[in-house]
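Accompanying notes for the structure given below.
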Amino acid sequence: MLYREAGDFKTSYHADNQTFPIKFDRIGFWITMVIAFLVIPFMINDYWANAIFVPFLIYAIAAIGLNILTGYCGQVSLGTGGFMAVGAYACYKLMTAFPDVSIVIHIILAGGITAAVGAAFGLPSLRIKGFYLAVATLAAQFFLVWLFNKVSWFYNYSASGQINAPERFVAGVAVTGPNTDPWAQYMICLVFLTVCALIARNLTRGTIGRSWMAIRDMDIAAEIIGVNPLKAKLTAFAVSSFFIGISGALFFAVYLGAVEVGEAFGIQKSFLVLFMIIIGGLGSIFGCFAGAAFLVLLPVALKVIGVDVLGWPTDLVSHLNLVIVGALIMFFLIKEPHGLAQLWRLAKEKLRLWPFPY
């Protein structure tokens, strides 16, 4: 078998602490990156981009952000949709106010603005936690949606209350607007996801990430050993909101192009991202990818099998999707709280010990 550690010798702490310690995993990672960057852009079409790849990439960024807050720091949040709306509207205002600035800068700045808003709404976490913090973030969700609906300055006094992304270019290629090619949408989202995943991976493995996990496991003990709860919780809210703001900006500008806050960033969006990290695995970067891929592919697979093959009504298939997601959430919360990431981890452990799996 190829999946073995025999022959993989570590001669430094850096080599021993790398993300993929087994050579087979490193080869698989680079093959995946080559396919993602050099193969898929030449094969993608409108359907694959809009139905699968672009929403998967954007939701994966949002799942990474929420997982940092909930999975690594233990702070439950139900305000993901509202923070995505902050990123979307911040990006829109920047795009219309500074049309000569690159859209990449606008998306990053939108993430920074969302980080500031998220840190402000994270202040109650210093006094409350658990169910009460979830209710506080839920209030933030409803407040932000109400704010963007009622204050017409955010949508530039449009009569419809809708925001529309102007056409913007990166290296001469349109990435927003009606003339955007599917591969351009895919590539800008892929680049942002790759950078966000690398940043999140390094943060969670460093001092900041260890302080988050200490607060998550036992906040009183963490404070006793020197972890500053104010710094740990607010940085978790800020970093989480930064990633979520980037996902909201991409969701508006690159994916949809035009949004209305109540429809695009309602409470359903908050629950959807929360379900992604529950099914994918709390406290795992890989779990963010697994959960996002599962919940993006599930409706597509059910439509193909149920509607196109079996001829079932569309409303029956949509209800079946909700039933399957609900059943999986109950299963993972009861049987495997660490989600698909833990199942993948156990499968690799069994493969390493094959033919004598425990």
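The values are calculated or read from the model by the stated rules, or taken from the named source; none is laboratory data. All of these numbers come straight from a predicted model, not from anything done at the bench. Neighbour counts run over all protein chains shown; Cβ positions are idealised from the backbone, glycine included. The area values use the complete protein model at the heavy-atom level, side chains included, leaving out ligands, DNA and RNA. Shrake-Rupley method; radii C 1.70, N 1.55, O 1.52, S 1.80 Å.
Being at pLDDT 70 or above, assigned to a loop (DSSP other than H, G, I, E, B) and surrounded by 10 or more Cβ atoms within 10 Å (Cβ to Cβ) is the filter here, so list the residues in segment 1-28 that pass it. Residues satisfying the conditions are Lys10, Asn17, Gln18, Thr19, Phe20, Pro21, Ile22. Might you check whether a residue that is in a helix (DSSP H, G or I), of a type in the set (A, V, I, L, M, F, W, C) and surrounded by 15 or more Cβ atoms within 10 Å (Cβ to Cβ) occurs anywhere in segment 307-319? Among the residues of segment 307-319, at least one is in a helix (DSSP H, G or I), of a type in the set (A, V, I, L, M, F, W, C) and surrounded by 15 or more Cβ atoms within 10 Å (Cβ to Cβ), which makes the answer yes. Residues of segment 334-358 that are of a type outside the set (Gly, Ala, Ser), open to solvent by less than 100 Å² (accessible area, probe 1.4 Å), free of Cβ contacts under 8 Å to residues at least 60 places away in the same chain and part of a helix (DSSP H, G or I): Leu343, Leu346, Glu349, Lys350, Leu353.
The sole residue among Leu78, Leu38, Leu66 that is at pLDDT 90 or above, open to solvent by 20 Å² or more (accessible area, probe 1.4 Å), among the hydrophobic types (A, V, I, L, M, F, W, C) and under 30 Å from Glu223 (Cα atoms) is Leu78.
Mind listing whichever residues of segment 281-292 are open to solvent by less than 40 Å² (accessible area, probe 1.4 Å) and more than 15 Å from Ile324 (Cβ to Cβ)? If you could, list the steps in order and put the result at the bottom.
Of the residues in segment 281-292, the ones open to solvent by less than 40 Å² (accessible area, probe 1.4 Å) are 281, 283-285, 287-288, 290-292.
The answer is Gly281, Gly283, Ser284, Ile285, Gly287, Cys288, Ala290, Ala292.
Residues of segment 118-160 that are farther than 11 Å from Leu78 by Cα and among the β-branched types (Val, Ile, Thr): Ile128, Val145, Val151. For first residues located in segment 151-171 and more than 18 Å from Glu263 (Cβ to Cβ), partners that are among the polar types (S, T, N, Q) and loosely packed, with under 12 Cβ neighbours inside 10 Å and lie 6+ apart or on another chain with Cβ distances below 9 Å form the pairs Glu167/Asn179.
Just to verify a result, which residue in segment 214-268, among those that are among the polar types (S, T, N, Q) and farther than 15 Å from Ala119 by Cα, is most open to solvent (accessible area, probe 1.4 Å)? If you could, list the steps in order and put the result at the bottom.
Filtering segment 214-268 for residues among the polar types (S, T, N, Q) gives 228, 235, 240-241, 247, 268.
Now drop any that are not farther than 15 Å from Ala119 by Cα, which leaves 228, 247, 268.
Values: Asn228: 81, Ser247: 0, Gln268: 128 Å².
Once the filter is applied, the top-ranked residue is Gln268.
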